[in-house]
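Enquirer: Structure in structure tokens, see below.
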Amino acid sequence: MDLDFESLKEHNNQSDGFNHPDFYAIDSLLSDEHKLVRDSVRNWVKKEISPIIDACCQAAVFPQHIVPQLGKIGCFGPQIPTQYGGGGLDYISYGIAMQELERGDSGIRSTASVQGSLVMHPIHKFGSEEQKMKYLPKLASGEYLGSFGLTEPNHGSDPGSMETSFKDDGDFVILNGAKMWISNSPFCDIAVVWAKDPDGIVKGLIVERGMDGFTTPTTHKKWSLRASATGELVFDNVRVPKKNILPNVKGLKGPLTCLNSARYGISWGAIGAAMDCYHTAVKYAKERIQFGKPIGAFQLQQKKLSEMLTEITKAQLLAWRLGTLMDEGKATPSQISMAKRNNVEIALNIARESRQILGGMGISGDYPIMRHMANLESVITYEGTHDIHLLILGMEITGENAFV
Ligand SMILES: Cc1cc2nc3c(=O)[nH]c(=O)nc-3n(C[C@H](O)[C@H](O)[C@H](O)COP(=O)(O)OP(=O)(O)OC[C@H]3O[C@@H](n4cnc5c(N)ncnc54)[C@H](O)[C@@H]3O)c2cc1C
């Protein structure tokens, strides 16, 4: 379906008065640069996303025109060094950018997370200099859109059992298999694909659109992340040049390193969705009159709002502290799991409670809550399910692996 984005922007340009809650003066922990990143991404979201996002989700349309804009405002690989087109910023800046994007919509944040953490990050960390120079600047600017292929039809939480594999063919390898539930896939120019070599060792390959036998069918009927394009990556005897294999990583460490970076971004992003729901619920509770007074004057609604603010504040502190550990190079995978798991869970709970505060209106696309709630059902499942993050923490605590 075609949407007239310009007329949507013209008609809906007054609706977004968002401001973030800062109950514990967490702003004072941020540098001027962090605040600059936050304000510029927030302003862009208000102008370019808020007026169109409900229509995009209702129609299940990915607003492809925003890809170069996301590059321009520095949301693709803000943590990647400037020599490769990235922002050269710290991890807190990256987190804040993801928070502001997800405040707009989790699907928009997903587009940027995949590009920055799952496509640019592995190329930067594990790629050759030639690969970095060839792909990173184009991904940073949004000239290229990338996707990340790990999940398969038969293997999600257990990627080590993946079936996608390649065999040797001179200067090429022949790639066969399929990935599913892949964000950005229907529009991607390149895909970082994880597949087993003839010895069964997982390697990362950069597959380019246009290579014979490579197709990216769209996944339809989603009730979540409807403004994000999701699809498959299908490889039918695709001849991939050996120079497209990431030379500096082997084994599951490759994809898991990328996931750590993306999961960190989600721990901030989820707070954005939670804050948008909370902001909407507070405003509504003050304005909606029942039994002769605002519903915010009733204790039951005050309890809900007080608990939301408490959880948002705890999540903000968790994400901020994790960001400082990331910047010091000290964050562990289980710390990242704790923050992703907690912050997505509280966001989903806040979306559900906010939805109730709005009563019937909470169901309507005139408010963002139901959209955030539906989106967060994907966010709590991708990048490691809620259960899997619990098992990672359980293993850290007990030393016992409860996965198998
Ligand atoms: C909208 C969307 C976008 C996505 N984008 C991407 C992408 O860009 N790239 C990509 O590679 N993937 C992507 N994914 C896939 C996502 O990462 C997987 O769905 C996720 O890892 C879970 O895998 P699965 O769906 O196969 O579930 P399964 O692994 O089959 O799990 C099903 C259930 O079993 C539980 N379970 C599994 N193992 C255990 C265990 N050992 N102990 C206890 N419980 C267990 C899980 O927690 C879950 O509740 C996306 C998914 C969605 C929905």
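Every read-out reported here was derived from the displayed coordinates using simple, explicitly stated rules and does not represent laboratory data. Predicted, not measured: the structure shown is a model, and the values here were computed from it. Glycine gets a Cβ as well: all are built from the backbone with ideal geometry, and neighbour counts include every protein chain shown.
Enquirer: Translational diffusion coefficient of the stretch 15-141 at 25 °C, 0.890 mPa s, Stokes-Einstein with Kirkwood Rh over Cα pairs, in µm²/s as a whole number.
Expert: Translational diffusion coefficient: 161 µm²/s.
Enquirer: Binning at 5 Å from 0, report for the stretch 324-404 what percent of all alpha-carbon pair distances ends up in each bin.
Expert: The percentages, shortest bin first, are 3, 15, 19, 16, 15, 12, 9, 7, 4, 1.
Enquirer: Counting only C-alpha contacts under 8 Å and six or more residues apart, can you give the relative contact order of the chain as a whole percent?
Expert: Working: 751 pairs, mean separation 68.7, N = 404.
Once normalised by length, the contact order is 17 percent.
Enquirer: What residue among GLN99, GLN115, GLN290 has the largest mean-square fluctuation in a Gaussian network model of the chain, using Cα springs under 10 Å?
Expert: GLN290
Enquirer: Sticking with this one: Over 15 Å, how big is the tail of the calculated P(r) for the stretch 173-230, in percent of all Cα pairs?
Expert: Of all Cα-Cα pairs in the stretch 173-230, 53 percent lie more than 15 Å apart.
Enquirer: Please report Rg over Rh for the stretch 146-244, where both radii come from the alpha carbon positions and Rh follows the Kirkwood definition.
Expert: Rg divided by Rh gives 0.97.
Enquirer: Another question about this same structure. Can you tell me the dipole magnitude for the stretch 146-244 around its Cα centre, using point charges on the Cβ only (Lys, Arg +1; Asp, Glu -1), in Debye to the nearest 20?
Expert: For this selection, approximately 400 debye.
Enquirer: In what sequence do LYS221, LYS46, LYS283 fall when counting other Cβ within 10 Å, fewest first?
Expert: Details: LYS221 5, LYS46 18, LYS283 15.
Neighbour counts put them in this order, fewest first: LYS221, LYS283, LYS46.
Enquirer: OK, next. Return a whole-number percent for the relative contact order of the stretch 290-398, with Cα pairs under 8 Å and 6 or more residues apart as the contact set.
Expert: On the way: 61 pairs, mean separation 28.0, N = 109.
Result for the stretch 290-398 is 26 percent.
Enquirer: Rounded to the nearest 500, what is the chain's calculated 222 nm mean residue ellipticity when only DSSP H runs of at least 4 contribute -39500 (n - 2.57) each, over all residues?
Expert: -15500 deg cm²/dmol
Enquirer: Considering Cα pairs under 8 angstrom that are at least six residues apart, work out the relative contact order of the stretch 15-141 and quote it in whole percent.
Expert: About 27 percent, as a whole number.
Enquirer: Let me ask something else. Quick one: Karplus J couplings for the stretch 322-333, per residue in order, coefficients 6.51, -1.76, 1.60, θ = phi - 60°, nearest Hz, x for Gly and Pro?
Expert: Residue by residue, the stretch 322-333 yields 4, x, 5, 5, 4, 5, 8, x, 10, 5, 9, x Hz.
Enquirer: In a Gaussian network model over the chain where Cα atoms closer than 10 Å are linked, find which of HIS34, HIS121, HIS11 has the largest mean-square fluctuation.
Expert: HIS11
Enquirer: A follow-up question, please. Can you bin the stretch 318-369 into rounded, prolate or oblate? Criterion: square roots of the alpha carbon gyration tensor eigenvalues sorted a ≥ b ≥ c, rounded for a/c under 1.5, prolate for a/b above b/c, oblate for the rest.
Expert: prolate
Enquirer: Set Lys and Arg Cβ to +1 and Asp and Glu Cβ to -1, take the dipole of the chain about its Cα centre, and tell me which of CYS75, ILE182, TRP268 lies farthest positive.
Expert: The Cα lying farthest towards the positive end belongs to TRP268.
Enquirer: So how tilted is helix 32-44 from the main axis of the chain? Cα-based, degrees 0 to 90, rounded to 10.
Expert: Roughly 80 degrees, rounded to the nearest 10.
Enquirer: Moving on to the next point. Charges at C-beta only: +1 for Lys and Arg, -1 for Asp and Glu. How large is the resulting dipole of the stretch 211-255 about its Cα centre, in Debye rounded to 20?
Expert: Rounded to the nearest 20 debye, it is 220 debye.
Enquirer: Checking the cross-link filter: which lysines have an alpha carbon closer than 16 Å to that of LYS283, excluding same-chain neighbours under 8 positions apart?
Expert: By straight Cα distance, LYS283 reaches LYS293, LYS303, LYS304.
Enquirer: Hand me the tally of lysine pairs in the stretch 146-244: alpha carbons under 22 angstrom apart, and the pair either on different chains or 8 or more positions apart.
Expert: Total qualifying Lys-Lys pairs in the stretch 146-244 comes to 15.
Enquirer: For each of THR398, THR164, count neighbouring Cβ atoms within 10 Å of the residue's Cβ, then give the residues from fewest to most.
Expert: Working: THR398 9, THR164 22.
Ascending number of Cβ neighbours within 10 Å: THR398, THR164.
Enquirer: So what is Rg over Rh here for the chain, counting just Cα atoms and using Kirkwood for Rh? Provide the component values of the computation, followed by the final result.
Expert: Details: Rg = 21.1 Å, Rh = 21.6 Å.
Here Rg/Rh amounts to 0.98.
Enquirer: In whole Å, what is the distance between the alpha-carbon centres of the stretch 152-183 and the stretch 71-113?
Expert: 28 Å
Enquirer: Amide H to amide H, which residues 5 or more places from TRP181 or on other chains are under 5 Å from it, using H placed in the peptide plane?
Expert: Excluding prolines and chain starts, which carry no amide H, the hits are GLY231.
Enquirer: Next question. Using the Kirkwood radius built from alpha carbon pairs, what does the Stokes-Einstein equation give as D for the stretch 253-398 at 20 °C and 1.002 mPa s, in µm² per second?
Expert: Result for D is 133 µm²/s.
Enquirer: I'd like the projected area of the stretch 70-200, averaged over all directions, using the convex hull of its alpha carbons. Report it in nm² with one decimal.
Expert: 8.7 nm²
Enquirer: Same structure, new question: About its Cα centre, what dipole magnitude does the chain give when the only charges are +1 on Lys and Arg Cβ and -1 on Asp and Glu Cβ, stated in debye to the nearest 20?
Expert: Using only the charged Cβ atoms, the result is roughly 600 debye.
Enquirer: On to the next question. How far, in degrees from 0 to 90, does helix 129-141 lean away from the longest principal axis of the Cα atoms of the chain, to the nearest 10?
Expert: The angle comes out at about 30 degrees.
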